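Asks: Let me give you the structure first, and then I'll get to my questions.
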Amino acid sequence: MHIVGTAGHVDHGKSSLVEALTGTNPDRWLEERLRGMTLDLGFARLRFDDGIEGGIVDVPGHERFLHNMLAGAAGMELLLLVIAANEGVRPQTLEHLQILQYLNVRRTLVVLTKRDLLSSAELERVQRDISDALQGTIAAEAPVYAVSTVTGEGLAELCEAIHSALAALPPRDARAPAFLPIDRVFALTGHGTIVTGTLMQGEIAIGDELRLTPLGKNVRVRSLHVFGERLERVSGGSRVAVNVPAVDRHEISRGAVLASPQFEPSATLDVDFRPLPEASAMLRRRTPVRVYLGSAEIFGQLVIPSEAPQAVILSGATEGRAVEEQTGSEERAQLHLRKSTVVYPGEAFVVRRLSPKDILGGGTIVAAGAARGETAR
């Protein structure tokens, strides 16, 4: 399984698209359905006849719920960038793309929804405008599929494109130690606590002993489910529900990690950091930040060595260099977190200001580091 993620501005039809593709309404809460607006993460399973499948993570599009979007974005491999044909690229479209350039997206498909509201001539004009607006982003040069969830037009072609993209994605490393950021916790009568998330790497089998961080408690896996299907073993890239009955659900919350016991928590992380060009003026040697790792939001400080070069905007972009064009030069830095967490080398992260919550940049984890006389305050 691979993870398919939605992104885009509020009210551009992300949830309706997921329902049209899968038959599942990803809006889990009654308030979401009454308001017609996604507030939290939603999930659905997309299965093809030949066995290829994707776990869809639907994210909220409103800027007030960007923290929820970030909690579900880390596992995305195939991005469906959803843009309403009658509105075009909007602020949250671009903000989501800014975030996703730092994460694990390998392929992007642009989906124009509400095509039934425009004539063919209007649609052609809108597609040209959108293509211009997406230059310099990870969606530049991405194929565009115009669809209508009302008439069904274009959905078959989009499904074929999703199938092809999923088939081409490489598998995640099954030999790596298991690492599952938790994005949802609940309890079932007779079963106890269930945690869910995207298995970022490795495998989990029934009977495995794993560790919950930051709780610091070892737990044994009682059962595993993928979208309601009971399995004996799951591999990286799956949307997994793990039954850990020995823990009370109130001891765990979104942002915790279920992982192999070999991971040791740390509050100091060595990272490779790439700032957004427009954020360079907001960065100091020690900048208070919100750090987004997996499904967690953790307060801390971004510490950039005084000898590090200033961010430089790269020019002369060609196909395949859209991400570099949007970011400054990469530099080694440290993250000092207010609470310890576990990470794996190569894990992606995003940082925002404390207030206002502007995106500053992101990068990848190099290793849990040793503090250099700096602490988060």
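Asks: Only residues that are more than 21 Å from SER238 (Cα to Cα) and modelled with pLDDT under 95: list them for region 151-170, please.
Replies: Selection gives nothing.
Asks: Tell me which residues, restricted to region 176-190, are out of contact with any Gly (no Cβ under 6 Å at 6 or more places or on another chain) and charged (D, E, K, R).
Replies: ARG184
Asks: May I pose another question? Among strands (runs of 3 or more DSSP E) lying entirely in region 155-234, which contain 2 or more residues that are hydroxyl-bearing (Ser, Thr, Tyr)?
Replies: Of the strands (runs of 3 or more DSSP E) lying wholly inside region 155-234, those with at least 2 residues that are hydroxyl-bearing (Ser, Thr, Tyr) span 192-198.
Asks: In addition: Can you tell me which residues in region 96-132 are aliphatic (A, V, I, L, M) and under 30 Å from SER295 (Cβ atoms)? Let's see the steps before the verdict.
Replies: The first filter runs over region 96-132 and keeps only residues aliphatic (A, V, I, L, M), leaving 97, 99-100, 103, 105, 109-112, 117-118, 121, 123, 126, 130.
Scanning region 96-132 gives LEU97, ILE99, LEU100, LEU103, VAL105, LEU109, VAL110, VAL111, LEU112.
Asks: Continuing with the same structure: Restricting attention to region 309-340, report how many residues are under 18 Å from TYR102 (Cβ atoms), assigned to a loop (DSSP other than H, G, I, E, B) and modelled with pLDDT under 55.
Replies: Here is the first cut: in region 309-340, the residues under 18 Å from TYR102 (Cβ atoms) are 311-314, 317, 320-335, 337.
From what's left, assigned to a loop (DSSP other than H, G, I, E, B): 311-314, 317, 320-321, 327-330.
Subset that is modelled with pLDDT under 55: 311-314, 317, 320-321.
Residues flagged as under 18 Å from TYR102 (Cβ atoms), assigned to a loop (DSSP other than H, G, I, E, B) and modelled with pLDDT under 55 within region 309-340 amount to 7.
Asks: Going through SER131, SER119 one at a time, which residue ends up being more than 15 Å from the chain's Cα centre (by Cα), of a type in the set (Ser, Thr, Tyr) and over 19 Å from THR151 (Cα atoms)?
Replies: Answer to the check: SER131.
Asks: Let me ask you something else. Of the conditions (1) surrounded by fewer than 16 Cβ atoms within 10 Å (Cβ to Cβ); (2) in contact (Cβ under 8 Å) with a residue 12 or more places away in the chain; (3) on the phi > 0 side of the Ramachandran plot, ALA187 satisfies every one except a single condition; which number is it?
Replies: Result: ALA187 passes all but (3).
Asks: I would also like to ask the following. Under 7 Å between Cβ atoms, at least 6 apart or on separate chains: pull out the pairs that start in region 161-173 with a residue that is open to solvent by less than 60 Å² (accessible area, probe 1.4 Å) and end on any residue that is acidic (Asp, Glu) and modelled with pLDDT of 95 or more.
Replies: Hits for this filter: LEU169/GLU77.
Asks: With region 7-81 as the region, which helices (runs of 4 or more DSSP H) entirely inside it contain at least 1 residues that are within 24 Å of ARG115 (Cα to Cα), at pLDDT 90 or above and open to solvent by 10 Å² or more (accessible area, probe 1.4 Å)?
Replies: 14-22
Asks: Search region 101-120 for residues that are farther than 19 Å from HIS163 by Cα and open to solvent by 50 Å² or more (accessible area, probe 1.4 Å) and pair each with any residue that is acidic (Asp, Glu) and not in a helix (DSSP H, G or I) when their beta-carbon atoms are under 8 Å apart and the residues are at least 6 apart or on different chains.
Replies: Hits for this filter: ARG115/GLU153; ASP116/GLU153.
Asks: If you take the residues in region 136-153 that are free of Cβ contacts under 8 Å to residues at least 40 places away in the same chain and part of a loop (DSSP other than H, G, I, E, B), which one is surrounded by the fewest Cβ atoms within 10 Å (Cβ to Cβ)?
Replies: THR151
Asks: Looking only at region 82-100, how many residues end up being among the aliphatic types (A, V, I, L, M), over 12 Å from the mean Cα position of the chain (by Cα) and open to solvent by less than 20 Å² (accessible area, probe 1.4 Å)?
Replies: 4
Asks: Looking only at region 89-113, which residues are touching a Pro at 6+ places or on another chain (Cβ under 9 Å) and in a loop (DSSP other than H, G, I, E, B)?
Replies: Selection gives ARG106 alone.
Asks: Sticking with this structure for a sec: Taking only region 218-240 into account, find how many residues are open to solvent by 20 Å² or more (accessible area, probe 1.4 Å) and among the aliphatic types (A, V, I, L, M).
Replies: Qualifying residue count, region 218-240: 1.
Asks: So which residues in region 173-214 are closer than 22 Å to MET69 by Cβ and of a type in the set (D, E, K, R)?
Replies: Within region 173-214, ASP183, ARG184 meet the criteria.
Asks: To continue, here is another question. Is it the case, given these coordinates, that ALA205 is surrounded by fewer than 16 Cβ atoms within 10 Å (Cβ to Cβ), farther than 16 Å from GLU53 by Cα and under 22 Å from the mean Cα position of the chain (by Cα)?
Replies: no
The values are calculated or read from the model by the stated rules, or taken from the named source; none is laboratory data. Bear in mind that the values here come from a model prediction, so they are computed numbers and not experimental data. In this analysis, Cβ positions are derived from the backbone assuming ideal geometry, glycine residues included, and neighbour counts consider all displayed protein chains. When the accessible area is computed, the model is the full protein with side chains, heavy atoms only, and any ligands, DNA or RNA have been set aside. Shrake-Rupley method; radii C 1.70, N 1.55, O 1.52, S 1.80 Å.
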